[in-house]
1. Counting each pair of different Cα atoms once, what's the Kirkwood radius of segment A:193-256 in Å, rounded to one decimal?
2. For segment A:236-321, run through the trypsin sites (Lys or Arg not before Pro) and keep only the ones in DSSP coil with at most 13 other Cβ atoms within 10 Å of their Cβ.
3. Just how large is the dipole of chain A about the Cα centre, in debye to the nearest 20, putting +1 at every Lys and Arg Cβ and -1 at every Asp and Glu Cβ?
4. Rank A:334, A:318, A:308 by how far each Cα sits towards the positive end of the charge dipole of segment A:305-363 (+1 on Lys, Arg Cβ; -1 on Asp, Glu Cβ) and give me just the farthest.
5. Taking the Cβ of residue A:151 as the center, what net charge do the other residues with Cβ under 14 Å away carry, scoring Lys and Arg +1 and Asp and Glu -1?
6. Could you state the orientation-averaged shadow area of the convex hull built on the Cα atoms of segment A:109-225, in nm² to one decimal?
7. For a 24 Å ceiling on Cα separation, which of these pairs sit above it: A:26/A:295; A:26/A:169; A:123/A:233; A:107/A:322; A:251/A:285; A:107/A:132?
8. Once Rh is set to the Kirkwood radius over Cα pairs, what Stokes-Einstein translational diffusion coefficient, in µm²/s, holds for segment A:160-240 at a temperature of 25 °C and a viscosity of 0.890 mPa s?
Amino acid sequence: MAGRSDLTFTEVVQKYPELPRLVILKTDVQRRGVHYTASALSALDPDVHSITGTHIFGTRDGKIDARPESLLLRDGTSIITTPTPLDQHPYVVDLLDGRPFLLDDGKPLEEVDYWPRPDFYAKTTASGVPMKNIVSSRPQRLNIFPYRYCTFWNNGKGCAFCDIVCQMKKGKNELGIPPRLEAAEVAEVVGEALKEPGRFSAVFLTSGSITAGVQPFDDEVDYYIEILHEVGKHFTTPKYPSQLIATAFTKAQLERLYHKTGLMSYTADIEVLDEGLFNRYCPGKAEWIGYREWKRRLVDAVEIFGRGRVSTAIVAGIELAKPHGFTSEDEALAHVLDEAEELADKGVSTVFIVWSPRPDTTLGDQKNASLEYYVRLAAGLHGLREKYRLPIAFDDYRHCGNHPDTDLSRLLPF
Amino acid sequence: MDTLRGQEVRTLLAAPGTVGVIAAADAGGTPRLSVSRHLELLDDGRLVHLELFESSETSRNLLRALWFDRQVAVILHGANGHSLELQGKPVKAHISGPVFRHYYEAIRIRLGDVGLAAVWLIEPEAIRDDSLQTRRQTEKELFPFHLHLDQLAKKEGHRHA
(Lines give C-alpha, C1' and ligand atoms only; values in the text may rest on other atoms or scores of the structure.)
Protein backbone atom coordinates (compact mmCIF):
# COMPACT_ATOMS: atom_id res chain seq x y z
CA MET A 1 0.00 0.00 0.00
CA ALA A 2 1.92 3.04 -1.22
CA GLY A 3 0.97 6.40 0.25
CA ARG A 4 -2.68 6.08 1.15
CA SER A 5 -5.09 3.21 0.58
CA ASP A 6 -8.28 4.16 -1.24
CA LEU A 7 -10.20 0.94 -0.70
CA THR A 8 -13.91 1.29 0.06
CA PHE A 9 -15.69 -0.42 2.94
CA THR A 10 -16.81 -3.29 0.70
CA GLU A 11 -13.32 -3.74 -0.72
CA VAL A 12 -11.74 -3.80 2.73
CA VAL A 13 -14.29 -6.38 3.93
CA GLN A 14 -13.41 -8.54 0.91
CA LYS A 15 -9.67 -8.11 1.37
CA TYR A 16 -9.68 -9.03 5.07
CA PRO A 17 -12.16 -11.92 5.45
CA GLU A 18 -10.50 -12.92 8.74
CA LEU A 19 -11.74 -9.66 10.30
CA PRO A 20 -15.40 -9.14 11.25
CA ARG A 21 -17.43 -6.99 8.91
CA LEU A 22 -19.14 -5.33 11.89
CA VAL A 23 -15.82 -4.12 13.34
CA ILE A 24 -14.76 -2.82 9.93
CA LEU A 25 -18.09 -1.03 9.58
CA LYS A 26 -17.83 0.50 13.04
CA THR A 27 -14.33 1.72 12.21
CA ASP A 28 -15.50 3.32 9.00
CA VAL A 29 -18.45 5.00 10.68
CA GLN A 30 -16.09 6.47 13.26
CA ARG A 31 -13.75 7.50 10.46
CA ARG A 32 -16.34 9.20 8.27
CA GLY A 33 -18.80 10.26 10.96
CA VAL A 34 -22.59 10.10 10.82
CA HIS A 35 -25.48 12.28 9.85
CA TYR A 36 -28.86 11.74 11.49
CA THR A 37 -31.79 12.43 9.19
CA ALA A 38 -34.83 14.33 10.49
CA SER A 39 -36.67 11.03 10.37
CA ALA A 40 -34.00 9.33 12.50
CA LEU A 41 -34.15 12.18 14.99
CA SER A 42 -37.93 11.90 15.16
CA ALA A 43 -37.48 8.41 16.62
CA LEU A 44 -35.30 9.79 19.38
CA ASP A 45 -37.16 9.67 22.68
CA PRO A 46 -35.51 11.43 25.63
CA ASP A 47 -37.41 9.15 28.00
CA VAL A 48 -35.94 6.06 26.37
CA HIS A 49 -32.66 7.04 24.70
CA SER A 50 -29.47 8.79 25.77
CA ILE A 51 -29.19 12.13 24.09
CA THR A 52 -25.98 14.06 23.43
CA GLY A 53 -25.07 16.62 25.96
CA THR A 54 -22.23 15.80 28.26
CA HIS A 55 -19.46 14.90 25.83
CA ILE A 56 -16.12 16.13 27.03
CA PHE A 57 -15.07 16.51 23.38
CA GLY A 58 -16.95 18.16 20.52
CA THR A 59 -18.41 17.07 17.19
CA ARG A 60 -17.26 17.48 13.62
CA ASP A 61 -20.17 19.74 12.83
CA GLY A 62 -19.40 21.85 15.91
CA LYS A 63 -22.97 21.69 17.22
CA ILE A 64 -24.48 20.67 20.54
CA ASP A 65 -27.92 19.45 19.50
CA ALA A 66 -30.30 16.80 20.73
CA ARG A 67 -29.06 13.72 18.88
CA PRO A 68 -28.55 10.10 19.85
CA GLU A 69 -25.58 9.92 22.18
CA SER A 70 -24.29 7.00 20.11
CA LEU A 71 -25.23 3.69 18.52
CA LEU A 72 -25.21 0.03 19.45
CA LEU A 73 -24.49 -2.62 16.85
CA ARG A 74 -26.08 -6.05 17.02
CA ASP A 75 -22.85 -7.63 18.34
CA GLY A 76 -23.25 -5.47 21.44
CA THR A 77 -20.46 -3.08 20.63
CA SER A 78 -20.90 0.64 20.33
CA ILE A 79 -20.15 3.15 17.66
CA ILE A 80 -19.24 6.38 19.39
CA THR A 81 -20.63 8.66 16.72
CA THR A 82 -19.48 12.08 15.69
CA PRO A 83 -22.19 14.04 13.89
CA THR A 84 -20.61 15.26 10.68
CA PRO A 85 -21.74 17.71 7.99
CA LEU A 86 -23.29 16.03 4.94
CA ASP A 87 -20.78 17.58 2.56
CA GLN A 88 -18.08 15.44 4.21
CA HIS A 89 -19.89 12.29 3.03
CA PRO A 90 -20.65 10.66 6.38
CA TYR A 91 -22.71 7.53 6.91
CA VAL A 92 -26.39 8.29 7.34
CA VAL A 93 -28.70 7.07 10.08
CA ASP A 94 -32.28 6.92 8.84
CA LEU A 95 -35.42 4.97 9.65
CA LEU A 96 -36.42 1.89 7.68
CA ASP A 97 -39.75 0.37 8.66
CA GLY A 98 -39.60 2.51 11.76
CA ARG A 99 -36.20 1.19 12.87
CA PRO A 100 -32.88 3.08 12.79
CA PHE A 101 -30.47 1.84 10.13
CA LEU A 102 -27.00 2.79 9.02
CA LEU A 103 -26.94 3.63 5.33
CA ASP A 104 -24.22 4.48 2.87
CA ASP A 105 -25.21 6.20 -0.34
CA GLY A 106 -28.79 5.17 0.33
CA LYS A 107 -27.91 1.49 0.78
CA PRO A 108 -28.98 -0.02 4.14
CA LEU A 109 -26.05 -1.71 5.87
CA GLU A 110 -27.03 -2.52 9.44
CA GLU A 111 -29.85 -2.02 11.88
CA VAL A 112 -28.66 -0.09 14.93
CA ASP A 113 -30.03 0.83 18.34
CA TYR A 114 -29.75 4.19 20.00
CA TRP A 115 -28.04 3.98 23.37
CA PRO A 116 -30.63 3.36 26.10
CA ARG A 117 -31.14 6.04 28.70
CA PRO A 118 -30.29 5.10 32.27
CA ASP A 119 -32.91 5.68 34.96
CA PHE A 120 -30.90 8.32 36.81
CA TYR A 121 -30.97 10.70 33.82
CA ALA A 122 -34.51 11.65 34.87
CA LYS A 123 -33.43 12.76 38.34
CA THR A 124 -31.75 15.76 39.94
CA THR A 125 -29.22 15.95 42.75
CA ALA A 126 -30.03 17.31 46.20
CA SER A 127 -28.66 20.66 45.04
CA GLY A 128 -31.01 20.67 42.05
CA VAL A 129 -28.55 19.85 39.24
CA PRO A 130 -29.77 17.35 36.63
CA MET A 131 -27.88 14.14 37.38
CA LYS A 132 -27.06 13.68 33.70
CA ASN A 133 -24.95 16.82 33.92
CA ILE A 134 -22.82 15.30 36.66
CA VAL A 135 -22.36 11.72 35.47
CA SER A 136 -23.12 10.38 32.02
CA SER A 137 -23.51 6.88 30.75
CA ARG A 138 -22.53 4.47 28.05
CA PRO A 139 -24.42 1.21 27.64
CA GLN A 140 -22.47 -0.41 30.49
CA ARG A 141 -20.29 2.36 31.89
CA LEU A 142 -20.66 5.35 34.17
CA ASN A 143 -18.70 8.32 32.85
CA ILE A 144 -17.39 10.91 35.25
CA PHE A 145 -15.74 13.97 33.70
CA PRO A 146 -14.96 15.88 36.88
CA TYR A 147 -12.86 18.68 35.45
CA ARG A 148 -13.50 20.00 31.97
CA TYR A 149 -10.49 22.23 31.70
CA CYS A 150 -6.94 21.23 30.82
CA THR A 151 -4.19 23.43 32.24
CA PHE A 152 -1.89 22.66 29.31
CA TRP A 153 -3.98 25.29 27.58
CA ASN A 154 -2.86 27.98 30.06
CA ASN A 155 0.15 28.77 27.91
CA GLY A 156 -1.43 27.62 24.68
CA LYS A 157 0.09 24.15 24.75
CA GLY A 158 -3.02 22.03 24.48
CA CYS A 159 -2.96 19.01 22.16
CA ALA A 160 -3.40 19.84 18.48
CA PHE A 161 -6.36 17.48 17.97
CA CYS A 162 -8.19 18.35 21.21
CA ASP A 163 -11.15 20.68 21.76
CA ILE A 164 -11.77 20.03 25.45
CA VAL A 165 -11.61 23.68 26.47
CA CYS A 166 -13.81 24.88 23.64
CA GLN A 167 -16.31 22.12 24.46
CA MET A 168 -16.21 23.04 28.15
CA LYS A 169 -17.26 26.59 27.30
CA LYS A 170 -20.08 25.35 25.11
CA GLY A 171 -21.18 22.87 27.78
CA LYS A 172 -21.13 25.52 30.45
CA ASN A 173 -22.96 28.12 28.40
CA GLU A 174 -25.46 25.96 26.54
CA LEU A 175 -26.11 23.09 28.94
CA GLY A 176 -25.24 24.42 32.38
CA ILE A 177 -22.68 21.68 33.01
CA PRO A 178 -20.42 22.58 35.97
CA PRO A 179 -16.77 22.77 34.81
CA ARG A 180 -15.58 21.23 38.10
CA LEU A 181 -17.63 18.66 39.99
CA GLU A 182 -17.97 18.15 43.72
CA ALA A 183 -16.94 14.68 44.84
CA ALA A 184 -19.96 14.29 47.12
CA GLU A 185 -22.33 15.19 44.31
CA VAL A 186 -20.63 12.73 41.94
CA ALA A 187 -21.00 10.02 44.55
CA GLU A 188 -24.66 10.92 45.05
CA VAL A 189 -25.31 10.35 41.35
CA VAL A 190 -23.32 7.13 41.24
CA GLY A 191 -25.34 5.85 44.18
CA GLU A 192 -28.54 6.55 42.28
CA ALA A 193 -27.18 4.96 39.10
CA LEU A 194 -26.33 1.73 40.93
CA LYS A 195 -30.00 1.23 41.75
CA GLU A 196 -30.61 0.19 38.14
CA PRO A 197 -30.13 -3.58 37.92
CA GLY A 198 -27.52 -4.79 35.46
CA ARG A 199 -26.99 -1.41 33.88
CA PHE A 200 -23.37 -0.67 34.73
CA SER A 201 -20.23 -2.74 34.88
CA ALA A 202 -17.59 -0.01 35.36
CA VAL A 203 -16.90 3.44 36.70
CA PHE A 204 -14.86 5.60 34.38
CA LEU A 205 -13.12 8.82 35.23
CA THR A 206 -11.25 11.30 33.09
CA SER A 207 -10.55 15.00 32.98
CA GLY A 208 -8.13 17.54 31.66
CA SER A 209 -4.64 17.64 33.14
CA ILE A 210 -4.08 19.77 36.23
CA THR A 211 -0.43 20.75 36.53
CA ALA A 212 -0.72 22.35 40.00
CA GLY A 213 0.50 20.81 43.25
CA VAL A 214 3.58 20.39 45.43
CA GLN A 215 4.82 18.07 42.72
CA PRO A 216 3.36 18.75 39.28
CA PHE A 217 -0.06 17.06 38.95
CA ASP A 218 -0.43 16.40 42.69
CA ASP A 219 -3.67 18.38 42.64
CA GLU A 220 -5.02 16.22 39.81
CA VAL A 221 -4.14 13.06 41.72
CA ASP A 222 -5.70 14.37 44.93
CA TYR A 223 -8.87 15.31 43.10
CA TYR A 224 -9.24 11.82 41.62
CA ILE A 225 -8.56 10.26 45.01
CA GLU A 226 -11.25 12.40 46.57
CA ILE A 227 -13.81 11.41 43.93
CA LEU A 228 -12.91 7.72 43.79
CA HIS A 229 -12.94 7.56 47.58
CA GLU A 230 -16.44 9.04 47.72
CA VAL A 231 -17.68 6.80 44.92
CA GLY A 232 -16.07 3.81 46.63
CA LYS A 233 -18.34 4.24 49.63
CA HIS A 234 -21.12 2.68 47.56
CA PHE A 235 -19.31 -0.64 47.16
CA THR A 236 -18.87 -3.57 49.50
CA THR A 237 -15.41 -4.37 48.15
CA PRO A 238 -12.29 -2.22 48.51
CA LYS A 239 -11.69 -2.37 44.76
CA TYR A 240 -14.38 -1.97 42.12
CA PRO A 241 -14.24 -2.23 38.30
CA SER A 242 -12.98 1.16 37.26
CA GLN A 243 -10.72 2.97 34.83
CA LEU A 244 -8.97 6.29 35.08
CA ILE A 245 -7.65 8.09 32.03
CA ALA A 246 -5.29 10.72 33.32
CA THR A 247 -1.91 12.33 33.01
CA ALA A 248 1.15 10.09 33.27
CA PHE A 249 1.85 10.26 36.98
CA THR A 250 5.03 9.51 38.94
CA LYS A 251 5.33 6.21 40.73
CA ALA A 252 4.65 7.87 44.08
CA GLN A 253 1.49 9.45 42.69
CA LEU A 254 0.37 6.16 41.16
CA GLU A 255 0.91 4.34 44.43
CA ARG A 256 -1.22 6.90 46.23
CA LEU A 257 -3.94 6.52 43.62
CA TYR A 258 -3.92 2.75 43.79
CA HIS A 259 -3.69 2.31 47.53
CA LYS A 260 -6.09 5.05 48.58
CA THR A 261 -8.92 4.24 46.18
CA GLY A 262 -10.81 1.36 44.62
CA LEU A 263 -9.27 2.07 41.22
CA MET A 264 -8.48 -1.10 39.26
CA SER A 265 -6.98 0.13 35.99
CA TYR A 266 -5.03 3.06 34.71
CA THR A 267 -4.61 4.69 31.33
CA ALA A 268 -2.36 7.58 30.37
CA ASP A 269 -2.84 8.54 26.75
CA ILE A 270 0.36 9.14 24.85
CA GLU A 271 -1.77 10.18 21.83
CA VAL A 272 0.84 9.45 19.14
CA LEU A 273 3.62 6.88 19.09
CA ASP A 274 6.46 8.96 17.75
CA GLU A 275 8.61 11.28 19.81
CA GLY A 276 8.88 14.06 17.25
CA LEU A 277 5.15 14.12 16.55
CA PHE A 278 4.37 13.90 20.27
CA ASN A 279 6.51 16.99 20.90
CA ARG A 280 4.75 18.80 18.07
CA TYR A 281 1.14 17.78 18.69
CA CYS A 282 1.16 17.41 22.48
CA PRO A 283 3.36 20.35 23.52
CA GLY A 284 1.92 20.54 27.05
CA LYS A 285 2.59 16.87 27.72
CA ALA A 286 6.05 17.28 26.20
CA GLU A 287 6.81 20.33 28.33
CA TRP A 288 5.66 18.92 31.65
CA ILE A 289 6.60 15.26 31.30
CA GLY A 290 8.25 14.38 28.01
CA TYR A 291 7.81 11.43 25.67
CA ARG A 292 10.28 8.99 27.17
CA GLU A 293 9.26 9.79 30.71
CA TRP A 294 5.59 9.29 29.72
CA LYS A 295 6.45 5.80 28.56
CA ARG A 296 8.53 5.09 31.66
CA ARG A 297 5.61 6.07 33.86
CA LEU A 298 3.28 3.75 31.96
CA VAL A 299 5.67 0.89 32.61
CA ASP A 300 5.90 1.89 36.28
CA ALA A 301 2.13 1.72 36.46
CA VAL A 302 2.24 -1.97 35.47
CA GLU A 303 4.18 -2.70 38.68
CA ILE A 304 1.37 -1.13 40.66
CA PHE A 305 -1.80 -2.03 38.75
CA GLY A 306 -0.58 -5.25 37.15
CA ARG A 307 -0.28 -6.57 33.61
CA GLY A 308 -3.47 -6.14 31.66
CA ARG A 309 -4.55 -3.25 33.85
CA VAL A 310 -2.55 -0.45 32.20
CA SER A 311 -2.98 1.04 28.76
CA THR A 312 -2.30 4.04 26.62
CA ALA A 313 -4.38 5.34 23.75
CA ILE A 314 -3.38 6.92 20.49
CA VAL A 315 -5.45 9.25 18.36
CA ALA A 316 -4.82 7.17 15.29
CA GLY A 317 -4.35 9.09 12.11
CA ILE A 318 -2.60 12.18 13.43
CA GLU A 319 0.70 10.47 12.72
CA LEU A 320 -0.21 10.97 9.04
CA ALA A 321 -1.29 14.62 9.34
CA LYS A 322 0.40 16.97 6.93
CA PRO A 323 3.01 18.34 6.66
CA HIS A 324 4.93 16.77 9.54
CA GLY A 325 3.50 13.24 9.62
CA PHE A 326 4.47 10.06 7.85
CA THR A 327 3.86 10.24 4.13
CA SER A 328 3.15 6.54 3.76
CA GLU A 329 0.56 4.53 5.68
CA ASP A 330 2.80 1.45 5.52
CA GLU A 331 5.63 3.36 7.13
CA ALA A 332 3.36 4.87 9.79
CA LEU A 333 1.83 1.51 10.62
CA ALA A 334 5.19 -0.22 10.96
CA HIS A 335 6.47 2.55 13.22
CA VAL A 336 3.38 2.67 15.44
CA LEU A 337 3.27 -1.10 15.86
CA ASP A 338 6.99 -1.22 16.66
CA GLU A 339 6.59 1.27 19.47
CA ALA A 340 3.38 -0.38 20.66
CA GLU A 341 5.25 -3.69 20.82
CA GLU A 342 7.94 -2.18 23.05
CA LEU A 343 5.19 -1.18 25.44
CA ALA A 344 3.33 -4.50 25.16
CA ASP A 345 6.53 -6.34 26.01
CA LYS A 346 6.55 -4.40 29.29
CA GLY A 347 2.88 -5.05 30.04
CA VAL A 348 1.28 -1.90 28.61
CA SER A 349 -1.53 -2.25 26.07
CA THR A 350 -1.95 0.29 23.30
CA VAL A 351 -5.46 0.99 22.06
CA PHE A 352 -6.57 3.48 19.46
CA ILE A 353 -9.42 5.78 18.74
CA VAL A 354 -10.14 6.87 15.21
CA TRP A 355 -9.09 10.49 14.91
CA SER A 356 -12.06 12.79 14.23
CA PRO A 357 -10.70 16.10 12.97
CA ARG A 358 -12.86 18.62 14.80
CA PRO A 359 -13.39 22.22 13.74
CA ASP A 360 -12.11 23.81 16.96
CA THR A 361 -8.72 22.13 16.82
CA THR A 362 -5.38 22.95 15.20
CA LEU A 363 -5.60 19.91 12.95
CA GLY A 364 -9.31 20.37 12.31
CA ASP A 365 -9.00 20.96 8.57
CA GLN A 366 -7.18 17.70 7.85
CA LYS A 367 -8.39 14.25 6.83
CA ASN A 368 -7.98 11.18 8.96
CA ALA A 369 -6.40 8.00 7.64
CA SER A 370 -7.82 5.41 5.26
CA LEU A 371 -10.14 2.65 6.41
CA GLU A 372 -7.57 0.02 5.45
CA TYR A 373 -5.00 1.72 7.66
CA TYR A 374 -7.30 1.64 10.66
CA VAL A 375 -8.25 -1.97 10.04
CA ARG A 376 -4.62 -3.05 9.81
CA LEU A 377 -3.85 -1.06 12.94
CA ALA A 378 -6.71 -2.73 14.82
CA ALA A 379 -5.48 -6.17 13.78
CA GLY A 380 -1.90 -5.23 14.66
CA LEU A 381 -2.66 -3.96 18.18
CA HIS A 382 -4.94 -6.93 18.83
CA GLY A 383 -2.15 -9.22 17.63
CA LEU A 384 0.24 -7.69 20.16
CA ARG A 385 -2.19 -8.39 22.98
CA GLU A 386 -2.46 -11.96 21.78
CA LYS A 387 1.33 -12.34 21.50
CA TYR A 388 2.05 -10.86 24.94
CA ARG A 389 -1.09 -12.26 26.61
CA LEU A 390 -2.37 -8.88 27.71
CA PRO A 391 -6.01 -8.84 28.82
CA ILE A 392 -7.91 -5.65 27.99
CA ALA A 393 -11.24 -6.30 29.70
CA PHE A 394 -11.22 -2.92 31.43
CA ASP A 395 -11.23 -1.14 28.08
CA ASP A 396 -13.23 -3.53 25.90
CA TYR A 397 -16.49 -3.22 23.98
CA ARG A 398 -18.50 -3.38 27.18
CA HIS A 399 -16.45 -0.96 29.25
CA CYS A 400 -15.64 1.52 26.52
CA GLY A 401 -16.69 0.66 22.98
CA ASN A 402 -14.48 3.20 21.27
CA HIS A 403 -11.60 0.98 20.20
CA PRO A 404 -11.90 -1.28 17.14
CA ASP A 405 -8.76 -3.12 18.26
CA THR A 406 -10.23 -4.09 21.63
CA ASP A 407 -13.40 -5.26 19.88
CA LEU A 408 -11.22 -7.85 18.16
CA SER A 409 -9.81 -8.84 21.54
CA ARG A 410 -13.25 -10.07 22.60
CA LEU A 411 -12.16 -13.38 21.12
CA LEU A 412 -9.10 -13.68 23.37
CA PRO A 413 -9.45 -16.44 25.99
CA PHE A 414 -7.75 -14.35 28.72
CA MET B 1 -40.18 -22.05 12.11
CA ASP B 2 -43.79 -23.06 11.58
CA THR B 3 -46.40 -22.68 14.32
CA LEU B 4 -46.60 -26.39 15.14
CA ARG B 5 -42.85 -26.73 15.48
CA GLY B 6 -42.76 -23.52 17.54
CA GLN B 7 -45.33 -24.96 19.92
CA GLU B 8 -43.35 -28.19 20.15
CA VAL B 9 -40.21 -26.24 21.10
CA ARG B 10 -42.11 -24.15 23.66
CA THR B 11 -43.66 -27.22 25.24
CA LEU B 12 -40.30 -28.91 25.51
CA LEU B 13 -38.65 -25.80 26.96
CA ALA B 14 -41.42 -25.45 29.53
CA ALA B 15 -41.28 -29.07 30.65
CA PRO B 16 -39.52 -29.74 33.95
CA GLY B 17 -36.20 -31.47 33.49
CA THR B 18 -35.55 -30.31 29.94
CA VAL B 19 -31.86 -29.64 29.31
CA GLY B 20 -30.61 -27.31 26.58
CA VAL B 21 -27.10 -27.60 25.21
CA ILE B 22 -25.46 -25.16 22.81
CA ALA B 23 -22.81 -26.24 20.35
CA ALA B 24 -20.60 -23.72 18.60
CA ALA B 25 -17.23 -24.03 16.92
CA ASP B 26 -14.11 -22.50 18.44
CA ALA B 27 -11.31 -20.77 16.55
CA GLY B 28 -9.93 -24.09 15.34
CA GLY B 29 -13.32 -25.39 14.25
CA THR B 30 -13.68 -27.77 17.19
CA PRO B 31 -17.28 -28.00 18.43
CA ARG B 32 -17.62 -26.81 22.03
CA LEU B 33 -20.66 -27.56 24.13
CA SER B 34 -22.21 -25.90 27.11
CA VAL B 35 -25.48 -26.20 29.00
CA SER B 36 -27.65 -23.13 28.64
CA ARG B 37 -29.10 -21.84 31.89
CA HIS B 38 -32.00 -20.28 30.07
CA LEU B 39 -33.49 -20.85 26.64
CA GLU B 40 -36.72 -19.36 25.43
CA LEU B 41 -38.53 -19.12 22.13
CA LEU B 42 -39.82 -15.66 21.30
CA ASP B 43 -43.01 -14.97 19.36
CA ASP B 44 -40.92 -13.95 16.34
CA GLY B 45 -39.32 -17.41 16.22
CA ARG B 46 -35.97 -16.37 17.62
CA LEU B 47 -34.38 -18.34 20.39
CA VAL B 48 -33.12 -16.50 23.46
CA HIS B 49 -30.01 -17.82 25.19
CA LEU B 50 -28.78 -16.13 28.34
CA GLU B 51 -25.00 -16.20 28.50
CA LEU B 52 -23.93 -15.61 32.05
CA PHE B 53 -20.17 -15.35 31.55
CA GLU B 54 -18.33 -12.96 29.29
CA SER B 55 -15.20 -15.10 29.56
CA SER B 56 -16.90 -18.35 28.53
CA GLU B 57 -15.95 -20.33 25.48
CA THR B 58 -19.59 -20.17 24.39
CA SER B 59 -19.60 -16.40 24.61
CA ARG B 60 -16.63 -16.17 22.26
CA ASN B 61 -17.96 -18.82 19.92
CA LEU B 62 -21.40 -17.24 19.62
CA LEU B 63 -19.68 -13.96 18.80
CA ARG B 64 -17.46 -15.70 16.26
CA ALA B 65 -20.57 -17.20 14.66
CA LEU B 66 -22.30 -13.82 14.54
CA TRP B 67 -19.25 -12.07 13.13
CA PHE B 68 -18.48 -14.66 10.48
CA ASP B 69 -22.01 -15.79 9.65
CA ARG B 70 -21.66 -19.34 10.95
CA GLN B 71 -24.24 -21.70 12.33
CA VAL B 72 -24.56 -22.95 15.87
CA ALA B 73 -26.72 -25.78 17.15
CA VAL B 74 -28.93 -26.14 20.19
CA ILE B 75 -30.21 -29.46 21.43
CA LEU B 76 -33.17 -29.65 23.77
CA HIS B 77 -33.64 -32.91 25.60
CA GLY B 78 -36.68 -33.51 27.76
CA ALA B 79 -37.02 -35.86 30.71
CA ASN B 80 -39.57 -37.85 28.64
CA GLY B 81 -36.97 -38.52 25.95
CA HIS B 82 -38.24 -35.90 23.53
CA SER B 83 -35.28 -34.27 21.79
CA LEU B 84 -35.13 -31.45 19.28
CA GLU B 85 -32.07 -30.11 17.53
CA LEU B 86 -32.19 -26.55 16.22
CA GLN B 87 -29.61 -25.10 13.90
CA GLY B 88 -29.35 -21.40 13.37
CA LYS B 89 -27.28 -18.27 13.54
CA PRO B 90 -26.72 -15.84 16.39
CA VAL B 91 -28.04 -12.51 15.13
CA LYS B 92 -27.92 -10.18 18.10
CA ALA B 93 -26.42 -9.74 21.56
CA HIS B 94 -28.22 -7.40 23.93
CA ILE B 95 -25.87 -6.02 26.57
CA SER B 96 -27.94 -3.06 27.71
CA GLY B 97 -31.44 -1.66 27.49
CA PRO B 98 -34.88 -2.97 28.44
CA VAL B 99 -34.47 -6.47 27.00
CA PHE B 100 -31.19 -6.96 28.84
CA ARG B 101 -32.62 -5.62 32.07
CA HIS B 102 -35.68 -7.87 31.87
CA TYR B 103 -33.55 -10.99 31.61
CA TYR B 104 -30.93 -9.75 34.06
CA GLU B 105 -33.57 -9.42 36.76
CA ALA B 106 -35.26 -12.68 35.81
CA ILE B 107 -32.10 -14.79 35.91
CA ARG B 108 -31.07 -13.34 39.26
CA ILE B 109 -34.45 -14.17 40.71
CA ARG B 110 -34.08 -17.72 39.43
CA LEU B 111 -30.40 -18.44 40.06
CA GLY B 112 -29.45 -16.02 42.79
CA ASP B 113 -26.20 -14.07 42.75
CA VAL B 114 -25.24 -14.48 39.09
CA GLY B 115 -24.36 -12.02 36.37
CA LEU B 116 -25.49 -11.80 32.78
CA ALA B 117 -23.01 -11.11 29.99
CA ALA B 118 -25.46 -10.95 27.11
CA VAL B 119 -28.91 -11.89 25.91
CA TRP B 120 -28.20 -13.75 22.70
CA LEU B 121 -30.80 -14.05 19.97
CA ILE B 122 -30.43 -17.06 17.69
CA GLU B 123 -32.38 -17.26 14.47
CA PRO B 124 -33.31 -20.93 13.89
CA GLU B 125 -32.89 -22.09 10.30
CA ALA B 126 -33.61 -25.79 10.71
CA ILE B 127 -35.15 -28.05 13.30
CA ARG B 128 -34.92 -31.80 13.62
CA ASP B 129 -36.62 -34.25 15.92
CA ASP B 130 -33.81 -36.14 17.61
CA SER B 131 -35.96 -38.23 19.96
CA LEU B 132 -35.06 -41.89 20.21
CA GLN B 133 -38.44 -43.06 18.93
CA THR B 134 -38.37 -40.76 15.94
CA ARG B 135 -34.81 -41.55 15.04
CA ARG B 136 -35.44 -45.29 15.31
CA GLN B 137 -38.43 -45.01 13.05
CA THR B 138 -36.50 -42.91 10.53
CA GLU B 139 -33.64 -45.36 10.54
CA LYS B 140 -35.98 -48.26 9.88
CA GLU B 141 -37.86 -46.54 7.11
CA LEU B 142 -35.10 -44.72 5.27
CA PHE B 143 -31.91 -46.60 6.10
CA PRO B 144 -32.77 -50.32 6.17
CA PHE B 145 -29.18 -51.29 5.45
CA HIS B 146 -28.05 -49.74 8.76
CA LEU B 147 -30.03 -52.24 10.80
CA HIS B 148 -28.52 -55.29 12.44
CA LEU B 149 -30.17 -58.43 11.18
CA ASP B 150 -30.94 -59.79 14.61
CA GLN B 151 -33.43 -56.94 14.95
CA LEU B 152 -35.32 -58.38 11.96
CA ALA B 153 -34.80 -62.01 12.78
CA LYS B 154 -37.67 -64.16 13.99
CA LYS B 155 -37.50 -64.81 17.69
CA GLU B 156 -37.16 -68.35 19.01
CA GLY B 157 -40.85 -68.75 19.68
CA HIS B 158 -41.80 -67.54 16.26
CA ARG B 159 -39.39 -69.87 14.50
CA HIS B 160 -40.84 -72.99 16.08
CA ALA B 161 -44.40 -71.93 15.85
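1. Details: mean 1/r = 0.0766 Å⁻¹.
In segment A:193-256 this quantity evaluates to 13.0 Å.
2. A:239
3. Values: 48 positive and 58 negative charges, 128 e Å.
Taking the Cα centre of chain A as origin, the dipole is about 620 debye.
4. A:308
5. Details: positive: A:148, A:157, A:180, A:285; negative: A:218, A:219, A:220, A:287.
Taking every other residue near residue A:151 into account, the sum is 0.
6. Working: hull surface 39.2 nm².
The number I arrive at for segment A:109-225 is 9.8 nm².
7. Details: A:26/A:295 29 Å; A:26/A:169 30 Å; A:123/A:233 21 Å; A:107/A:322 33 Å; A:251/A:285 17 Å; A:107/A:132 35 Å.
Result: A:26/A:295; A:26/A:169; A:107/A:322; A:107/A:132 exceed 24 Å.
8. On the way: Rh = 14.7 Å.
Rounded, D is 167 µm²/s.
The values are calculated or read from the model by the stated rules, or taken from the named source; none is laboratory data. Just so we're clear, the structure is a prediction, and the values are computed from it rather than from any experiment. Note that each Cβ is placed from the backbone with ideal geometry, even for glycine, and that neighbours are counted across all protein chains shown. Surface accessibility is based on the protein's heavy atoms, side chains included, excluding ligands, DNA and RNA. Shrake-Rupley method; radii C 1.70, N 1.55, O 1.52, S 1.80 Å.
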